[in-house]
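The values are calculated or read from the model by the stated rules, or taken from the named source; none is laboratory data. Being a predicted model, the structure only gives us computed values, none of them experimental. Virtual Cβ from ideal backbone geometry, glycine too; neighbours counted across all protein chains shown. Heads up: the accessible areas ignore ligands, DNA and RNA and are worked out on the full protein's heavy atoms, side chains in. Shrake-Rupley method; radii C 1.70, N 1.55, O 1.52, S 1.80 Å.
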Amino acid sequence: MALTGDGRLVDDKFVDGCRRVTILGATGSIGTSTLDLLRRNPDGYAVEALTAHSDWQGLAALAREFRAAYVAIGDERHYQPLQQALSGTGIEVGAGAGALVEAAKRPADWVMAAIVGAAGLEPTLAAIERGVVVALANKEVLVCAGDLVLTAVKRSGATLLPVDSEHNAIFQVFDFAQVGAIEKIILTASGGPFRAASRAQMAQMGPAQAVAHPNWSMGAKISVDSATMMNKGLELIEAHHLFQLPQEKIDIVVHPQSVIHSLVAYTDGSVLAQLGSPDMRTPIAFTLAWPARMASPSPRLDLAKLATLTFEEPDPIRFPSLRLTREALAAGGSAPTTLNAANEVAVQAFLENRIGFLEIAEIVERTLETLPNEVPESIAHIHICDRRARDAAMAFIDRPSVGQRAY
Ligand SMILES: NC(=O)c1ccc[n+]([C@@H]2O[C@H](COP(=O)([O-])OP(=O)(O)OC[C@H]3O[C@@H](n4cnc5c(N)ncnc54)[C@H](OP(=O)(O)O)[C@@H]3O)[C@@H](O)[C@H]2O)c1
């Protein structure tokens, strides 16, 4: 650590020159917000690598604008047009799963892990294994392989910084020197677009309603997860791994305004919280500048104008995903991997209008009931469990009995 001329405490390696950054999932909601911050700080950051899955035009435009050294497109079918779009620029182009890992291995000091879903596991692990700072937005990575990922973090000496607004809030007020004095952490949840809806009303909701989040602008998958409240369940598992707390010490409270991003309660009765407007550029800026601070254009809070902050108990009856995630975490082993994979498949089927909204949680539950629980000992084993869960969930999607379970 070193103190800069203007009194900031930063890692020695960032004192001179700028940070080299790689963004896995550059064309998505988190990737776009990260690049917005880089655009506003052209002297502080240089882009090493960028990745996308299918949006090769968006990736090519970003690569040109930020003069990336390397770009990777996950879907190999887009390799040719991407390469042509970047010909003559000197930017190296790769395609396929191996290229995403190659992007993560490139010499960056800071990597944003913002691919959606378990597809981000290998690239995120590749970045972690380099022992650099990894800003983690891709919560599914910790849900499906938390123990193995944390072991890799310890082995490599990487620094994992949470980007999820709740975990970032907790990170900011969590006294790592006094973990014994932490009674519990409290994750806040907006409740999503169906917070006040009955089950009968939810049954009528389609993708357009489910992705219309009242506070946050996000990718389609996490928006549907917020509507089912699976997102909060995934965050419970994420928090368990990041802060090494048993689930009994992790509470969830519904806070519709999304102003208090989460809280830590201490044994002396103190409760510390982090507040801010619902704009992901605040937690991303925290991780980009860490351990210093940088300016972010997020709208500023006007507490007097807000006037009222409200809180409610979460309802595991209307939102069975909350129960399913607690059960999967308690079961341990491959149960969270199964839950995550089945949810990814069910959410995709819902977005394609192949199943109804309530069937998402039902498919996840049936998949968990059907498959054996194993202790994943390697990433290869995680992939086997993940694949099996996807196959089982897909089979349920095509069965007429789905949708008839009463909760
Ligand atoms: N958005 C938020 O406010 C927010 C907040 C907290 C946490 N997170 C987490 O951050 C992650 C990203 O969320 P997001 O909202 O930014 O998602 P998003 O808008 O859907 O973007 C996802 C990114 O990942 C890429 N991608 C998709 N499928 C892929 C695959 N199979 N292989 C490789 N790359 C793939 C996409 O490329 P294409 O554009 O080419 O499809 C895009 O760049 C998720 O895990 C989410 O839970 C998001």
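With every protein chain left in place, what is the accessible area per residue of the chain in square angstrom, probe 1.4 Å? If you can, show how the numbers build up before the last one.
Values: 16900 Å² over 407 residues.
With the other protein chains kept in place, the chain gives 42 Å² per residue.
Looking at the chain as a GNM with Cα springs under 10 Å, which of 143, 253, 71 has the largest mean-square fluctuation?
253
Where q = 0.19, 0.25 Å⁻¹, what log10 of I(q)/I(0) comes from the Debye formula for the range 74-148, counting one point per Cα?
Debye curve over Cα of the range 74-148, log10 I(q)/I(0) at q = 0.19, 0.25 Å⁻¹: -0.81, -1.13.
How large is the accessible surface of residue 179 in square angstrom, using a 1.4 angstrom probe and rounding to the nearest 10?
Looks like 60 Å² after rounding.
Counting only C-alpha contacts under 8 Å and six or more residues apart, can you give the relative contact order of the range 310-407 as a whole percent? Could the numbers behind the result be given before it?
On the way: 96 pairs, mean separation 32.8, N = 98.
Reported as a whole number, the value is 33 percent.
Kindly provide the helix-only [θ] at 222 nm of the chain, computed as the sum of -39,500 (n - 2.57) over DSSP H runs of four or more divided by all residues, to the nearest 500 deg cm²/dmol?
Values: 17 runs with 180 residues, N = 407.
Here the helix-only value at 222 nm equals -13000 deg cm²/dmol.
For the chain, what proportion of DSSP beta bridges, expressed in % and rounded to the nearest 5, is antiparallel?
Working: 13 of 43 bridges.
Bridges in the chain that DSSP calls antiparallel: roughly 30 percent.
Find out how many positive minus negative residues lie around residue 67, taking Lys and Arg as positive, Asp and Glu as negative, among other residues whose Cβ is under 13 Å from that of residue 67. Mind dumping the intermediate values first?
On the way: positive: 20, 39, 64; negative: 48, 65, 92.
Spelling it out: positives minus negatives among the neighbours equals 0.
Rg and Dmax of the range 89-244 over Cα atoms: what are they, in angstrom?
17.6, 56
Over the chain, what lengths in whole Å, largest first, do the semi-axes of the equivalent ellipsoid take, defined as the square roots of 5 times the eigenvalues of the alpha-carbon gyration tensor?
Working: eigenvalues 201, 146, 86 Å².
Rounded to whole Å, the semi-axes are 32, 27, 21.
Tell me which lysines have Cα within less than 21 Å of residue 154's Cα, excluding those fewer than 8 residues away on the same chain?
The reachable lysines, counting only those whose Cα sits under 21 Å from residue 154, are 13, 105, 139.
With a cut-off of at most 15 other beta carbons within 10 Å, and DSSP calling the residue loop, which trypsin sites (Lys or Arg not before Pro) in the range 35-76 qualify? Please list them.
Answer in residue order: 67.
Once you mark the GluC sites (Glu not before Pro) that are in a DSSP loop and have at most 16 other Cβ atoms within 10 Å, what is the longest gap between them in the chain? If you can, show how the numbers build up before the last one.
On the way: sites that count: 352, 374, 377.
Value returned for the longest uninterrupted segment is 1-351.
Round to the nearest 0.05 the FRET efficiency obtained for residue 308 and residue 253 when R0 = 25 Å and r is the Cβ-Cβ distance.
Values: r = 15 Å, r/R0 = 0.62.
My answer for the efficiency is 0.95.
Tally Lys/Arg at +1 and Asp/Glu at -1 over every other residue whose Cβ is under 13 Å from the Cβ of residue 284; what's the total? The partial results should precede the final answer.
Values: positive: 39, 40, 281, 293; negative: 36, 164, 279.
Computed value for this residue: +1.
Once R0 is set to 41 Å, what does the formula 1/(1 + (r/R0)^6) return for the Cβ-Cβ distance between residue 301 and residue 399, expressed as a FRET efficiency to the nearest 0.05?
Values: r = 48 Å, r/R0 = 1.18.
Plugging the Cβ-Cβ distance into 1/(1 + (r/R0)^6) gives 0.30.
Carbon and sulfur atoms: what percent of the 1.4 Å accessible area of the chain do they account for?
Details: 8890 of 16900 Å².
Accessible surface attributable to carbon and sulfur in the chain totals 53 percent.
Could you compute the FRET efficiency for residue 369 and residue 317, with r as their C-beta to C-beta distance and R0 at 30 Å, rounded to 0.05? Mind showing how you got there, number by number?
Numbers: r = 19 Å, r/R0 = 0.62.
FRET efficiency, residue 369 to residue 317: 0.95.
What is the distance in Å between the Cα centres of the range 238-272 and the range 102-124?
About 27 Å separates the Cα centre of the range 238-272 from the one of the range 102-124.
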